[in-house]
Structure formats: structure tokens, C-alpha cells
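The values are calculated or read from the model by the stated rules, or taken from the named source; none is laboratory data. All values reported here derive from a predicted model rather than from experimental measurement. Here the Cβ is made from the backbone with ideal geometry for all residues, glycine too, and neighbour counts use every protein chain on show. To get the accessible areas, we keep the full protein, side chains included, count just its heavy atoms, and leave off ligands, DNA and RNA. Shrake-Rupley method; radii C 1.70, N 1.55, O 1.52, S 1.80 Å.
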Amino acid sequence: MAHGMRTDTYSPHFDGSRNWRDTATRYALLPLRIFLGITFIYAGLDKLTDSAFMKDAGAGSVGDMMRAVRDSSAIPALVDMSLQNPVAFGYAIAFGELAVGIGTLIGLLARPAALGGALISLSLWLTVSWAAEPYYYGNDLPYLMGWIPLVLAGAPLLSVDAALRGRRRRRVSDYR
């Protein structure tokens, strides 16, 4: 029995012979990409523009939030590390969310961006929302699960990655 790899599953070009189910399958991850991209861009901008958040202490500050969740987190050492410089940690999270959101939305380095989003969501789940009871009240776990398909599939359609891949293919075929 011969085994082969299907190369047509995520073809970036619509050839007209596919039915609506094939088309829907090809575009299935696009709404997730748009949602997570916009949400992470918004989250990053919200943190950067909130004068209370980027402070070591005070109501609504990243420092007070981290101190409040320290004892209930799954990994208190991770919170302790962030408490060494809470403002720098706040900026790192905010700029990380921006980079992940932009990369995901436009599909530039989509898999690494999705991995970054998954790691941010994982770290927030293990620290900030770990004590949520029942577990589904914590919002970081669903975000983590949402990133996994994008880590696996990347952004095969309507993305900078797909455009660059198509450009490389044309360049290679021109040399043959």
C-alpha cells in the first residue's frame, strides 16, 4: 500500500472545482485568526494606554494584580519573577500581545506568533486565572486552546506568509 501526502488540502488558490464545504474548510481558521489577532492587539493597547496598569502599586496596577494572585497561582515562582520588576513585566506582556496580535492578524510569521500567544495565555492561566472556580470561568484557558490550531496550521490563506510562499514558488518555477 502506498502512502502519500495530500498537497491540495490548503492550496492558496481557488480553482473553481471545489464545492462550498471545501471552501469553508479552507477558510475555517480565518475567523479564529481575526478574533485572536484583534483581541490581542486590543489587550496590548489597553495595557499601554491605561495609566493605572503600568505601575508598581495602586488600584488597577500590574504590581497589585500580581501580588493578589501570587498565593493562588499554580506557579508562585513565576509570579515572584514578575514581581521583581512588575512594570517591565507589564510592558513585556503588552508589547508581546501587540506583536502576537499583529502577526496573527496579518499572517506574518503566523506559527511563531500563535506560539507566542499560546505561551502568553498559558502563563496567564497558570498565574492570574488559575484559581477561577469552576475552571471554565477563567478566560485564559480557552484562549490557550484557541491558539493551538493556529500553531499547528499557521495562516495558509489571506496572509503575508501565504503571499511570500507563493512568491517563492513562482521564483523557483521560473528557474526551472
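Using only alpha carbons, the chain has a radius of gyration to Kirkwood radius ratio (Rg to Rh) of 1.10. For the options Asp64, Asp140, Asp22, a Gaussian network treatment of the chain with springs between C-alpha atoms closer than 10 Å singles out Asp22 as fluctuating the most.
A 1.4 Å probe, protein heavy atoms only, puts the accessible area of Val160 near 50 Å². Solvent-accessible area of the stretch 124-169 (1.4 angstrom probe, protein heavy atoms only): carbon and sulfur portion equals 65 percent. Computed over the chain with a Gaussian network model linking Cα atoms closer than 10 Å, the most mobile of Leu108, Leu45, Leu150 is Leu45.
All Cα-Cα separations within the stretch 110-176 were binned at 5 Å from zero, giving a P(r) of 4, 18, 18, 15, 12, 10, 8, 6, 4, 3, 2, 1, 0, each value a whole percent of the pairs. With both labels modelled 7 Å from their Cα along Cα-to-Cβ, the Leu78 to Arg169 distance reads 3.8 nm. Ordering Tyr137, Tyr143 by accessible surface, largest first, gives Tyr137, Tyr143; the 1.4 Å probe counts only protein heavy atoms, with every chain in place. Solvent-accessible area per residue in the stretch 16-72 equals 60 Å², computed with a 1.4 angstrom probe and all protein chains kept. Within the full protein context, the accessible area of Ile34 is estimated at about 80 Å² for a probe radius of 1.4 Å. With a Förster radius of 35 Å applied to the C-beta separation of Val160 and Leu122, the computed FRET efficiency comes to 0.85. Build a GNM of the chain with springs between Cα atoms under 10 Å apart, and of Trp125, Trp20, Trp147 the one that fluctuates most is Trp20.
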